[in-house]
Each structure stands twice: as C-alpha cells, then as structure tokens.
Amino acid sequence: MTRTFYIETWGCQMNDLDSQRLAGSLKLRGYRRVDDESQANLILLNTCSIRDKAEHKVFSRLGALRELKRRNDVQIGVCGCVAQQEGETILERAPWVDFVMGPGNVGYIEDVLSGRTRVATNFPEDRRYDFLSVDRPSATKALITIIEGCNKNCTFCIVPTTRGREISRPFHDVLAEVRAAVESGRSEIELLGQTVNAYICPTSGRDFGTLLSAVADIHGVARLRFMTSHPAVVNDNMIAAMRDHSNISRYLHLPVQSGSSRVLRRMKRLYTREKYLEIIDRIRTAIPEIHFSTDVIVGFPGESENDFLETLDLIEQIRYGSLFAFKYSPRPGTPSLKIGPPVQEAIADERLSRLFALHERIKRERLESYRGRVLPVLVEGPSRHDPSMLSGRTDDNWVVNFVGDLATPLGSMLGVRIDQAQHHTLRGEAM
Ligand code: 5AD
C-alpha cells in the first residue's frame with residue numbers, strides 16, 4: 001500500500017521551502033500527501049522557534065498527536081528550528097516522537113525515515129539542493145534559496161543557532177534552478193536567505209547585486225523578489241540592479257528593529273538610526289516609488305519610552321507600506337539574556353498597540369494613493385475570499401483583487417484600474 005504523509009509548517013519562507021523540499025523528496029519515494037493527519041503514515045511538524053509562542057505550539061501539537069500514535073501506524077518527525085534548538089530534549093519530553101531533524105538536514109531525509117538516525121541536527125558540510133524534486137504548490141511562483149544561515153549575531157536572535165553559519169550557493173546553481181522554475185511555468189521568482197543580500201558566490205565571488213541582475217535577465221522571469229535584506233549589507237550594486245530592471249519588484253523588506261541608536265547598539269544591528277535613514281534615502285533616490293516594509297521589536301531589554309518614541313518617529317519619517325512588529329521574546333542562549341529583563345509586559349503591549357495604530361494610518365494613506373491609477377498586475381489565480389474575482393500583485397508587492405476574465409492564464413500581466421483600498425489590499429477591475 002502507498003505510504004502517506006502529512007506536513008504542517010510554521011514560520012518563515014525558508015520553512016515553507018523546506019516543507020516543499022521535504023514533500024518533493026517524499027513523493028519521489030512513493031509517498032502520497034494527505035490533508036488529514038489521521039490518514040497519514042508519516043507526520044512532519046516543520047517548526048519555528050523565532051519567538052517563545054511559536055515554540056510552545058509545537059509541544060501542544062505533540063501532546064495532541066500522542067493519542068494518534070497509539071492507534072495508528074504512524075511515524076512522527078519534528079523538523080525545523082525547534083528541532084535544531086531542542087534536539088534530543090524533544091525525544092525526552094515527547095518519547096512518542098520518532099525523529100528530530102534540523103533545517104540543515106532536509107536534503108538527507110532518508111537517514112531519519114530509515115530509523116538510522118533519531119536526532120539529525122548536525123549541519124552536513126554538503127547541504128544538498130536537489131531542486132528538481134521541490135514540490136512547488138504555486139503554479140506561478142517559485143521560492144529559491146540562495147544563501148542559508150546567518151553570520152550576523154543580533155543579540156536577540158536564535159537563527160544563528162538554528163540555521164548555522166552562512167553558506168551561499170554557487171552562482172550557476174542558482175541560475176540553473178531559476179531556469180528550471182521558469183520552464184515549469186513559474187514566472188515569479190523569490191530568492192531567499194536569512195540575510196539574502198549577504199550572498200557571495202563561493203567559487204567566483206560574485207555578489208548579490210550581480211546575481212540579482214543575472215536572474216532578472218533570464219528570459220521568462222516576469223517578476224523577481226527577494227527576502228530578507230540586512231540594512232548593513234545594502235550596497236550600490238544591489239540598488240543599481242533594482243533600479244535598472246523593471247522586472248525586479250520595487251519592494252524592499254528592510255528590518256529596522258528599533259529607531260533608537262542606543263537600542264540598535266545593544267541589539268548589535270551594525271547600524272545607527274542615522275545610517276539606516278541614509279540607506280533608505282539612497283534607495284529612494286534611485287527608486288522613488290519603492291515600497292519599504294520592516295520588522296520592529298518592542299520591549300527589548302532596557303528600551304525606554306524615549307527609545308520607543310524614536311522608533312515611532314522613524315516609522316513616521318520612512319512611511320513604511322508594511323510593518324511587522326513583535327514583542328521581544330527571550331530566546332535560549334542568546335546574548336540579550338545578559339542585557340537585562342524584557343520591558344514589563346503591560347508596557348510592551350501598550351507600545352505595540354501605539355505602534356500599530358500609527359502604522360495603520362500610514363498604510364491607509366498609502367493604499368488610498370493608488371485609487372484611480374492603472375497598475376500592472378501579475379495574475380496569480382482566483383481571489384481567496386471571492387473566487388469570482390482574480391488576485392495578483394503589483395510590482396511594488398501589493399495584493400490586488402480584481403474583476404477580470406477568469407480564463408486569464410496564470411502568470412500573465414494585466415493593467416488593473418484600482419478603485420478601492422481595503423485593509424491590506426487593493427481592489428480594482430482589469431482594463
Ligand atoms: N523576539 C521578538 N522578535 C524577534 N524577532 C527575531 N528574534 C526575536 C525575538 N527574540 C523578529 C525580528 C525579525 C523577525 C523575523 O522576527 O523582528 O526581523
């Protein structure tokens with residue numbers, strides 16, 4: 001009988017892609033995917049440990065799976081960053097788990113499936129990218145890793161522990177994967193890396209800007225995006241590539257974390273408030289209508305009301321289109337634990353809601369500014385909320401739901417007149 005698998009994914013795009021890679025290699029081994037965990041012979045939880053909450057979820061999920069394990073012939077595997085961080089401890093706390101496998105080991109699933117290894121959390125020197133076996137859920141879009149791991153040591157962050165040191169893939173490997181993705185109909189490419197712009201080809205030394213240009217020049221790449229850039233590594237070559245290629249999305253996610261130089265120093269972010277503003281200025285001068293988005297942490301140890309006001313002021317100055325903000329969450333083994341206790345919960349909550357209120361207003365103004373304009377939209381498929389409409393994205397990465405011909409081929413580019421701004425999205429009609 002065919003063996004079946006069920007996979008659950010938390011966290012970032014890296015994890016999404018790891019799940020696509022896992023699904024692909026399981027299918028090659030003859031497994032069939034099921035959407036109901038009680039029908040599965042293999043259950044994989046692909047976990048996230050960026051904040052405490054995400055980590056807790058894993059253990060409560062495992063608790064719920066215990067009963068299932070008693071009844072069914074099922075292997076349970078914990079993958080992803082909690083697996084890397086907790087390793088053996090997971091087997092101690094939840095002995096019904098069959099194996100634990102970190103993100104560096106995704107290319108070696110055979111080791112854990114066969115029972116040869118129960119805890120696979122080393123970082124194999126040769127991180128395998130068997131890209132032809134990735135099971136891509138989208139017909140129009142491909143996620144493509146160009147660099148794994150992170151060499152920055154931000155004091156709050158668990159990623160260096162869970163994803164290891166930076167390793168870039170060879171330039172031509174990346175281009176080959178992009179070409180294969182385009183040939184399979186994916187005209188939208190998203191390059192991934194924890195610090196994507198730190199990319200440097202291990203054999204030729206080509207940098208991120210050079211890679212961006214080369215990918216953008218590949219015939220059939222209708223849109224190119226990338227995630228996540230570190231402000232301290234932004235350089236002119238990267239900015240020029242974005243400026244000179246109309247198929248590179250005019251969107252940049254540039255996490256600032258705080259608007260206070262004092263807090264930034266304690267976070268070891270490697271830039272000051274002034275330096276960050278200068279980078280933003282340089283990019284805006286080259287690409288005036290760019291959509292900036294960012295991540296902010298509130299309540300970092302020692303963050304004063306004044307520090308926080310500096311963050312609000314910076315948000316107001318930059319007018320980010322999108323913003324993701326989180327309460328500081330102490331992570332095991334990170335240097336920030338020694339800086340001091342987090343800001344009191346009630347104060348952090350209150351800061352978070354002030355920040356969101358400010359950003360809501362800025363975002364609304366930005367979305368309203370598109371009303372009446374005709375924008376090129378890359379069609380991704382029917383709208384999730386209303387299947388009688390189509391959905392796609394503008395080249396500055398706003399989702400547009402619009403009235404149009406449902407027979408439009410996916411991946412084509414249409415002019416859409418925007419007639420309404422919604423909460424996070426735009427609404428319009430194909431011209
Ligand atoms: N606590 C809260 N937020 C965090 N992030 C990373 N580590 C932590 C932490 N310990 C946030 C940062 C990062 C985003 C992916 O998650 O803002 O950019």
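The values are calculated or read from the model by the stated rules, or taken from the named source; none is laboratory data. In this text, all values refer to a predicted model and were calculated from it rather than measured experimentally. Heads up, the Cβs are rebuilt from the backbone with ideal geometry, glycines too, and the neighbour counts pull from every protein chain shown. Surface accessibility is based on the protein's heavy atoms, side chains included, excluding ligands, DNA and RNA. Shrake-Rupley method; radii C 1.70, N 1.55, O 1.52, S 1.80 Å.
What the table below lists for this structure:
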read-out: Residue 250 vs. criteria open to solvent by 10 Å² or more (accessible area, probe 1.4 Å), away from the ligand (no atom under 16 Å from the Cβ) and not β-branched (Val, Ile, Thr); value: yes
read-out: Residue match in the stretch 172-194 (condition: under 26 Å from residue 395 (Cα atoms), within 16 Å of the ligand (Cβ to nearest atom), among the small types (Gly, Ala, Ser) and in a loop (DSSP other than H, G, I, E, B)); value: yes
read-out: Checking residue 160 against (1) assigned to a loop (DSSP other than H, G, I, E, B); (2) under 18 Å from the mean Cα position of the chain (by Cα), the condition it does not meet; value: (1)
read-out: Residue count, the stretch 321-363 (criterion: of a type in the set (Val, Ile, Thr) and within 14 Å of the ligand (Cβ to nearest atom)); value: 3
read-out: Which numbered condition residue 289 fails, given (1) over 19 Å from residue 267 (Cα atoms); (2) more than 14 Å from the ligand (Cβ to nearest atom); (3) at pLDDT 95 or above; value: (3)
read-out: Condition check for residue 78: open to solvent by less than 20 Å² (accessible area, probe 1.4 Å), assigned to a helix (DSSP H, G or I) and either away from the ligand (no atom under 16 Å from the Cβ) or over 18 Å from residue 162 (Cα atoms) (or both); value: no
read-out: Residue in the stretch 128-145 that is modelled with the lowest pLDDT, counting only those that are open to solvent by less than 40 Å² (accessible area, probe 1.4 Å) and touching a Gly at 6+ places or on another chain (Cβ under 6 Å); value: 133
read-out: The stretch 97-116: number of residues that are open to solvent by less than 40 Å² (accessible area, probe 1.4 Å) and without any contact (Cβ under 8 Å) to a residue 60 or more places away in the chain; value: 6
